[in-house]
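The values are calculated or read from the model by the stated rules, or taken from the named source; none is laboratory data. These figures come from a predicted structure and were not determined experimentally. Backbone-built Cβ (ideal geometry, glycine too); neighbour counts: all protein chains shown. Surface areas here come from the heavy atoms of the whole protein model, side chains and all, with no ligands, DNA or RNA. Shrake-Rupley method; radii C 1.70, N 1.55, O 1.52, S 1.80 Å.
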Amino acid sequence: MRRSASAFIVWTLIGAALIAVGARLDVAMHPVPMSLQSLAVLAAGVLGGWRIGLAASLLYLTAGALGAPVFAGGSSGWTALTGPTAGYLISFPIAAFAAALIARRKPKRLAFIAGLAGHALILGLGWAWLAQTIGAQAAWSGGVQPFLIGAIAKSAALALIALFTIPRGLLKT
(Lines give C-alpha, C1' and ligand atoms only; values in the text may rest on other atoms or scores of the structure.)
Protein backbone atom coordinates (compact mmCIF):
# COMPACT_ATOMS: atom_id res chain seq x y z
CA MET A 1 0.00 0.00 0.00
CA ARG A 2 1.43 3.41 -0.97
CA ARG A 3 1.26 6.26 1.44
CA SER A 4 -0.06 9.63 0.47
CA ALA A 5 2.45 12.46 0.21
CA SER A 6 1.03 14.11 3.31
CA ALA A 7 1.33 10.89 5.34
CA PHE A 8 4.92 10.50 4.17
CA ILE A 9 5.74 14.05 5.27
CA VAL A 10 4.05 13.61 8.65
CA TRP A 11 5.80 10.29 9.39
CA THR A 12 9.14 11.71 8.22
CA LEU A 13 8.75 14.70 10.55
CA ILE A 14 7.75 12.40 13.43
CA GLY A 15 10.76 10.17 12.74
CA ALA A 16 13.20 13.09 12.64
CA ALA A 17 11.69 14.52 15.83
CA LEU A 18 12.02 11.17 17.61
CA ILE A 19 15.66 10.92 16.55
CA ALA A 20 16.25 14.42 17.95
CA VAL A 21 14.51 13.52 21.22
CA GLY A 22 16.54 10.30 21.41
CA ALA A 23 19.73 12.32 20.98
CA ARG A 24 18.80 14.52 23.91
CA LEU A 25 18.24 11.46 26.12
CA ASP A 26 21.96 10.93 26.48
CA VAL A 27 24.65 10.09 28.96
CA ALA A 28 27.74 12.22 28.49
CA MET A 29 30.69 9.94 27.82
CA HIS A 30 33.99 10.55 26.09
CA PRO A 31 34.65 10.43 23.18
CA VAL A 32 31.10 9.38 22.20
CA PRO A 33 27.91 10.00 24.22
CA MET A 34 25.41 7.22 24.81
CA SER A 35 21.87 8.05 23.68
CA LEU A 36 18.63 6.62 22.36
CA GLN A 37 18.96 8.17 18.92
CA SER A 38 20.06 4.92 17.27
CA LEU A 39 16.86 3.26 18.50
CA ALA A 40 14.82 6.06 16.92
CA VAL A 41 16.80 5.86 13.66
CA LEU A 42 16.23 2.13 13.36
CA ALA A 43 12.59 2.37 14.44
CA ALA A 44 11.97 4.91 11.67
CA GLY A 45 13.35 2.40 9.17
CA VAL A 46 11.76 -0.77 10.52
CA LEU A 47 8.36 0.71 11.30
CA GLY A 48 8.13 3.34 8.58
CA GLY A 49 9.93 1.55 5.78
CA TRP A 50 13.09 2.50 3.97
CA ARG A 51 11.76 5.73 2.47
CA ILE A 52 10.67 7.18 5.81
CA GLY A 53 13.73 5.86 7.64
CA LEU A 54 16.05 7.39 5.06
CA ALA A 55 14.12 10.67 4.83
CA ALA A 56 13.81 11.08 8.62
CA SER A 57 17.53 10.44 9.13
CA LEU A 58 18.52 12.85 6.36
CA LEU A 59 16.13 15.51 7.69
CA TYR A 60 17.61 15.09 11.17
CA LEU A 61 21.17 15.45 9.84
CA THR A 62 20.20 18.46 7.72
CA ALA A 63 18.54 20.18 10.67
CA GLY A 64 21.65 19.63 12.77
CA ALA A 65 23.98 20.77 10.00
CA LEU A 66 21.96 23.98 9.63
CA GLY A 67 22.33 24.77 13.32
CA ALA A 68 19.36 23.19 15.08
CA PRO A 69 20.63 21.79 18.41
CA VAL A 70 19.43 18.26 17.68
CA PHE A 71 22.59 16.22 18.14
CA ALA A 72 23.57 14.62 21.46
CA GLY A 73 24.29 17.17 24.14
CA GLY A 74 22.51 19.85 22.12
CA SER A 75 25.34 20.19 19.62
CA SER A 76 24.85 21.16 16.00
CA GLY A 77 26.60 22.44 12.91
CA TRP A 78 29.40 21.23 10.71
CA THR A 79 31.67 20.79 13.71
CA ALA A 80 29.50 17.91 14.92
CA LEU A 81 29.40 16.44 11.42
CA THR A 82 33.18 16.49 11.11
CA GLY A 83 34.15 15.79 14.73
CA PRO A 84 34.65 12.52 16.60
CA THR A 85 30.99 11.43 16.33
CA ALA A 86 30.63 12.17 12.60
CA GLY A 87 30.91 8.52 11.57
CA TYR A 88 28.01 7.58 13.82
CA LEU A 89 25.86 10.44 12.56
CA ILE A 90 26.64 9.83 8.90
CA SER A 91 25.79 6.15 9.32
CA PHE A 92 22.19 6.86 10.37
CA PRO A 93 20.59 6.99 6.90
CA ILE A 94 22.51 3.88 5.86
CA ALA A 95 21.50 1.99 9.00
CA ALA A 96 17.83 3.04 8.71
CA PHE A 97 17.78 1.91 5.09
CA ALA A 98 19.47 -1.42 5.84
CA ALA A 99 17.24 -2.16 8.85
CA ALA A 100 14.15 -1.39 6.78
CA LEU A 101 15.25 -3.76 4.02
CA ILE A 102 16.00 -6.55 6.47
CA ALA A 103 12.65 -6.24 8.24
CA ARG A 104 10.60 -5.44 5.13
CA ARG A 105 8.83 -8.76 4.66
CA LYS A 106 8.34 -9.80 8.29
CA PRO A 107 8.95 -6.79 10.52
CA LYS A 108 7.60 -8.42 13.69
CA ARG A 109 9.91 -11.40 13.30
CA LEU A 110 12.96 -9.62 11.92
CA ALA A 111 13.00 -6.36 13.91
CA PHE A 112 15.56 -7.68 16.41
CA ILE A 113 17.90 -8.86 13.63
CA ALA A 114 17.36 -5.59 11.77
CA GLY A 115 18.21 -3.70 14.96
CA LEU A 116 21.40 -5.68 15.49
CA ALA A 117 22.45 -5.16 11.88
CA GLY A 118 21.67 -1.45 12.04
CA HIS A 119 23.60 -1.03 15.27
CA ALA A 120 26.52 -2.95 13.76
CA LEU A 121 26.57 -0.49 10.85
CA ILE A 122 26.36 2.52 13.15
CA LEU A 123 29.08 1.25 15.48
CA GLY A 124 31.26 0.04 12.61
CA LEU A 125 31.16 3.29 10.65
CA GLY A 126 31.46 5.29 13.86
CA TRP A 127 34.51 3.26 14.86
CA ALA A 128 36.12 3.69 11.43
CA TRP A 129 35.76 7.48 11.59
CA LEU A 130 36.80 7.76 15.23
CA ALA A 131 39.85 5.52 14.65
CA GLN A 132 41.20 8.09 12.20
CA THR A 133 41.61 10.58 15.03
CA ILE A 134 42.34 8.54 18.16
CA GLY A 135 43.57 5.20 16.81
CA ALA A 136 41.84 1.87 16.29
CA GLN A 137 42.24 0.46 19.81
CA ALA A 138 41.12 3.65 21.55
CA ALA A 139 38.17 3.94 19.17
CA TRP A 140 37.17 0.36 19.98
CA SER A 141 37.44 0.80 23.74
CA GLY A 142 35.78 4.23 23.79
CA GLY A 143 33.48 4.15 20.79
CA VAL A 144 32.25 0.58 20.38
CA GLN A 145 32.78 -1.65 23.39
CA PRO A 146 30.76 0.45 25.88
CA PHE A 147 27.83 0.43 23.45
CA LEU A 148 27.51 -3.29 22.69
CA ILE A 149 25.13 -4.18 25.53
CA GLY A 150 23.09 -1.06 24.80
CA ALA A 151 22.87 -2.03 21.12
CA ILE A 152 21.47 -5.43 22.07
CA ALA A 153 19.02 -3.87 24.54
CA LYS A 154 17.87 -1.26 22.00
CA SER A 155 17.46 -3.98 19.37
CA ALA A 156 15.27 -5.91 21.80
CA ALA A 157 13.28 -2.74 22.49
CA LEU A 158 12.85 -2.27 18.74
CA ALA A 159 11.53 -5.82 18.44
CA LEU A 160 9.01 -5.16 21.22
CA ILE A 161 7.94 -1.88 19.65
CA ALA A 162 7.43 -3.65 16.31
CA LEU A 163 5.53 -6.46 18.00
CA PHE A 164 3.10 -4.12 19.72
CA THR A 165 2.61 -1.46 17.03
CA ILE A 166 2.54 -3.31 13.73
CA PRO A 167 -0.18 -5.92 14.47
CA ARG A 168 -2.49 -3.29 15.89
CA GLY A 169 -2.35 -1.22 12.74
CA LEU A 170 -0.81 1.73 14.55
CA LEU A 171 1.83 2.05 11.90
CA LYS A 172 1.76 0.54 8.43
CA THR A 173 5.00 -0.62 6.87
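Within the range 3-17, which residues are within 15 Å of residue 100 (Cβ to Cβ) and within 18 Å of the chain's Cα centre (by Cα)?
Scanning the range 3-17 gives 11, 12, 15.
So if I check each of 65, 55, 114, 98, which one is at pLDDT 95 or above, closer than 22 Å to residue 164 by Cβ and not hydroxyl-bearing (Ser, Thr, Tyr)?
Testing whether each residue is at pLDDT 95 or above, closer than 22 Å to residue 164 by Cβ and not hydroxyl-bearing (Ser, Thr, Tyr) leaves just 114.
Scan the range 131-145 residue by residue and report those that are open to solvent by less than 50 Å² (accessible area, probe 1.4 Å) and under 15 Å from residue 34 (Cα atoms).
139, 142, 143, 144
I'm trying to understand the selection: among the residues of the range 146-158, which are crowded, with 19+ Cβ neighbours inside 10 Å and either over 15 Å from residue 88 (Cα atoms) or free of Cβ contacts under 8 Å to residues at least 60 places away in the same chain (or both)?
154, 155, 158
Between a residue in the range 95-119 that is touching a residue at least 40 places away in the same chain (Cβ under 8 Å) and any residue that is open to solvent by less than 70 Å² (accessible area, probe 1.4 Å) and among the basic types (Lys, Arg), which pairs come within a Cβ distance under 9 Å, given they are 6 or more apart or on different chains?
115/154; 119/154
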